[in-house]
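Okay, so here's the structure we're looking at.
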Amino acid sequence: MAKREMRRFNAALLYNALDEERRRRGLSWSAVSHEIGVAASTMQRLNRGGRLEVDGMLAMVSWLGRTVEDFVQDSPI
């Protein structure tokens with residue numbers, strides 16, 4: 001039987017991309033959350049691998065100038 005996979009959002013990839021851009025621009029996490037328009041607690045939740053609200057996730061992806069698909073991967077079911 002073939003192994004089944006499901007597409008899943010990878011929060012760790014998003015966090016790493018945000019951290020890379022934050023460091024590149026010399027910003028604090030507080031400044032990043034302010035620029036994106038999300039609470040600092042949302043950024044902390046992302047760092048811990050917690051679930052995100054769609055609006056916050058979309059704002060983060062948009063701030064990076066990327067697409068949601070950049071952070072979606074196949075995952076075994």
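Bear in mind that the values in this text are calculations on the coordinates, not laboratory data. Nothing here was measured: the structure is a model prediction, and the numbers come from that model. With ideal geometry, Cβ positions are generated from the backbone for all residues, glycine too; neighbour counts draw on all protein chains shown.
What's the local net charge at residue 42, with K and R +1, D and E -1, over the other residues with C-beta under 14 Å away?
Value of the local net charge: 0.
Can you give the percent of C-alpha pairs in the chain whose distance is more than 21 Å?
Across the chain, Cα pairs with separations above 21 Å total 26 percent.
Region 27-62: which trypsin sites (Lys or Arg not before Pro) are DSSP loop and have at most 10 other beta-carbon atoms within 10 angstrom?
Those satisfying the criteria are 48, 51.
Would you mind ranking 60, 43 so that the residue whose beta carbon has the fewest other beta carbons within 10 Å leads the list?
43, 60
Which one of 65, 27, 50 has its Cα pushed farthest toward the positive end of the charge dipole of the chain, where Lys and Arg give +1 and Asp and Glu give -1 at the Cβ?
50
Taking region 4-42, which trypsin sites (Lys or Arg not before Pro) meet the DSSP loop condition and have no more than 11 other C-beta atoms within 10 Å?
Values: sites: 4, 7, 8, 22, 23, 24, 25; in loops: 4.
Of the trypsin sites (Lys or Arg not before Pro), the ones in loops of region 4-42 whose Cβ has at most 11 other Cβ atoms within 10 Å are 4.
Given the Cα-Cα distance of residue 51 and residue 74 and 0.36 nm per residue of separation, how much length would full extension add, in nm?
Full-extension gain reported as 6.5 nm.
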